[in-house]
Amino acid sequence: MRSLLIFSCLLFSSCMVHAQEAKAPRPAITGISHVTFYADDFAKSQQFYTSLLGWEQFPAGAAKPGVRFYANHQQYIEFLTPPSQGMADRLHSIGFSTSDAEALRQFLAAHGIAVPKIVTVEANGDRSFLVKDPEGNKIEFVQAGSHPIKHSGTPTASVSTHIIHAGFVAHDRAALDRFYKDLLGFHLYWQGGSSAAHTDWVMMQVPGGSDWLEYMLYLPAAPSRANLATANHFSPGVASVEELNTKLKQRGWVPSAQERPPLLGLDGKWQLDLFDPDGTRVEFMEFKPVKEPCCSAYTGTQPEPSPTW
């Protein structure tokens, strides 16, 4: 009888622990930390991101040898050497900032998501871990360390100080929503399509900020490298696309046949598409809409420029 009582107590305690873990609050997810791609030629990437965009270059973390280009002291685009040259899909992962990486790791584990056993700690104190969403996309969560990246001290030539969104190829919206919306707390920011018959783009805003993730739902069953590079993209925010266009041309940028002139998107915001040396689309977008969007109304906070270095 005494053994049965002890077993019952242990079982009850274990259940209580698991129940508490499942009910633990989700730490804040505040915005985009970074987007990581594969690059075939780091020197060409450097020319594009430092000379043209004016972003500061730093080495990538010790665990991922490569290079990073910072838009501000926390947000960056990262490039790694690809497993093979000429890969069609250039996207490696998308990173989001969180207030507590370890607590978020435990939260996801308690909800049945496969997570690493421990978080990775970088030399600057950044704490991070990587998971996969329902479609296999690599998603990283990063808690900023106590020793942030410091810039060179020279006046910034950056054309944008805020990466406002990133997008990827998507197929099953319902499955993605269960992960990003139901579990992580992202909410619909805007959605629309090239026709009223279907939805091509779904923007899901982070729960604790103004940045968003975009589901790109329109791709063919067998997308080309160009299709993938257009859909797997990121977006630096600007106050004026017209001023951006002038500044880029002053720096020697000559639009290619693929790079369209400034256009007014269906979401009511001006945008200008550039393509980096590997073909990845860099969708510059104004922070504020200039007209009512088609298809649906905005349901979240509009982004703002991030503080400069």
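The values are calculated or read from the model by the stated rules, or taken from the named source; none is laboratory data. Predicted model only: the values in this text are computed from it and were never measured. Note: ideal-geometry Cβ built from the backbone for every residue, glycine included; neighbour counts use all protein chains shown.
Descriptive notes on the structure:
This table checks each residue for (1) modelled with pLDDT under 95; (2) touching a strand residue (DSSP E or B) at 6+ places or on another chain (Cβ under 6 Å); (3) among the aliphatic types (A, V, I, L, M); (4) crowded, with 16+ Cβ neighbours inside 10 Å.
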{"residue": "85", "(1), (2), (3), (4)": "yes, no, no, no"}
{"residue": "90", "(1), (2), (3), (4)": "no, yes, no, yes"}
{"residue": "108", "(1), (2), (3), (4)": "no, no, yes, yes"}
{"residue": "147", "(1), (2), (3), (4)": "yes, no, no, no"}
{"residue": "154", "(1), (2), (3), (4)": "yes, no, no, no"}
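- Scanning region 62-98 for residues that are small (Gly, Ala, Ser), within 21 Å of residue 161 (Cα to Cα) and not in a strand (DSSP E or B) yields a total of 1.
- Flag if residue 242 is touching a strand residue (DSSP E or B) at 6+ places or on another chain (Cβ under 8 Å), at pLDDT 95 or above, of a type outside the set (A, V, I, L, M, F, W, C) and buried (at least 16 other Cβ atoms within 10 Å of the Cβ): no
- Qualifying residue in region 211-233 (condition: closer than 21 Å to residue 302 by Cβ and surrounded by fewer than 17 Cβ atoms within 10 Å (Cβ to Cβ)): no
- When residue 57 is tested against the conditions (1) of a type outside the set (A, V, I, L, M, F, W, C); (2) under 25 Å from residue 210 (Cβ atoms); (3) assigned to a strand (DSSP E or B), the lone failure is (2).
- Residue selected from region 115-128 under the condition touching a strand residue (DSSP E or B) at 6+ places or on another chain (Cβ under 7 Å) and part of a loop (DSSP other than H, G, I, E, B), by the criterion surrounded by the most Cβ atoms within 10 Å (Cβ to Cβ): 126
- Of all residues in region 41-54, those satisfying the criterion of being assigned to a loop (DSSP other than H, G, I, E, B) and either of a type outside the set (Asp, Glu) or free of Cβ contacts under 8 Å to residues at least 40 places away in the same chain (or both) are 53, 54.
- Any pair with Cβ under 8 angstrom, 6 or more apart, that starts in region 258-286 at a residue that is under 14 Å from residue 53 (Cβ atoms) and ends at one that is among the β-branched types (Val, Ile, Thr) and part of a strand (DSSP E or B): 273/282; 274/282; 275/282; 276/282; 284/238
- Condition check for residue 269: of a type in the set (D, E, K, R), surrounded by 14 or more Cβ atoms within 10 Å (Cβ to Cβ) and touching a Pro at 6+ places or on another chain (Cβ under 6 Å): yes
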